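Participant: This structure is in structure tokens; I'll ask about it shortly.
Coordinate-derived values only; no laboratory data. Bear in mind that the values here come from a model prediction, so they are computed numbers and not experimental data. A quick note on method: Cβ atoms are made from the backbone with ideal geometry, for glycine too, and the neighbour counts reach across all protein chains shown.
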Amino acid sequence: MATHSENSSTQLVISAIGSDRPGIVNALSQLIVQNNGNIDDSRMTVLGGEFAIILLISASPEQLVTIEQVIKQQADSLELNIISKQTSGGILSDSATAKKKLPYIVEVLAMDNPGIVYKLADFFSSREINIQSLQTDRYPAPHTGTQMFAIEMIISVPQTIIINDLREDFMNLCDDMNLDASIEAPRL
């Protein structure tokens, strides 16, 4: 199938949540393909027994309208709550802005305590650093069973920020919070 993102700056973001069961991804992707859409990016997970998915779909503007309508019409039969929004300014049209920011991967591991995500988000937000993605996981530590909390995020650091200063400030925060952490450029 031809990729439409090269030809169109309009895309559709769909967010859906519903009880986890086999076949949800198949049903959604089938509706998109049957209506000449392409899934450019996606995130899917099961949280507390609920399946959550976010899709970025490209197609011609007319096809996006059709896809949005079809998916909303099928929401009840798919047993999903669906929110959709057309968007512009994808990767290709935002390349000038993207060039001014550098991606970094942040990893944090700690004993589970309330407020860790908030404090990290506040740290980056106060420096005008955008969090592109954030994933957390809670699990019992081997041998002790202590609840551990792991965070992985990708941040976009403006080129005006001196990364060594950022890293030092971040590590000081993490030391104060008793977090094991790293902030590194992605490996190519």
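Participant: Sum -39500 (n - 2.57) across every DSSP H segment of at least 4 residues in the chain, then divide by the residue count to get the 222 nm mean residue ellipticity, nearest 500.
Facilitator: Roughly -9000 deg cm²/dmol at 222 nm, from the helical runs in the chain.
Participant: Now for a different question. How far apart, in nanometres, would the label points at Asp169 and Ser77 be if each is projected 7 angstrom from Cα along the Cα-to-Cβ direction?
Facilitator: In this crude label model, Asp169 to Ser77 measures out at 5.3 nm.
Participant: Based on alpha-carbon centroids, what's the gap between segment 9-64 and segment 128-182 in Å, whole number please?
Facilitator: Each part reduced to its Cα centre gives a spacing of 29 Å.
Participant: Find how much the distance from Asp122 to Thr160 grows on full extension, using 0.36 nm per residue of separation minus their present alpha carbon separation; answer in nm with one decimal.
Facilitator: 11.8 nm
Participant: A further question follows. Provide the gained length on full extension for the span Thr66 to Leu134, in nm with one decimal, where the gain is 0.36 nm per separating residue minus the Cα-Cα distance.
Facilitator: Extra length available between Thr66 and Leu134 comes to 21.4 nm.
Participant: Quick check on the chain: take the gyration tensor over C-alpha atoms, sort the square-rooted eigenvalues as a ≥ b ≥ c, and tell me if it's rounded (a/c under 1.5), prolate or oblate.
Facilitator: Note, shape of the chain comes out oblate.
Participant: Mind checking which lysines have their Cα closer than 30 Å to the Cα of Lys101? Skip sequence neighbours fewer than 8 apart in that chain.
Facilitator: Result set, ordered by chain and number: Lys85, Lys119.
Participant: Using label points projected 7 Å from each Cα along Cα→Cβ, tell me how many nm separate Gln30 and Met148, to one decimal.
Facilitator: 4.0 nm
Participant: Now, a different point. Note the full-extension length gain between Leu109 and Glu50 as 0.36 nm times their separation in residues minus their Cα-Cα distance, in nm to one decimal.
Facilitator: 18.7 nm
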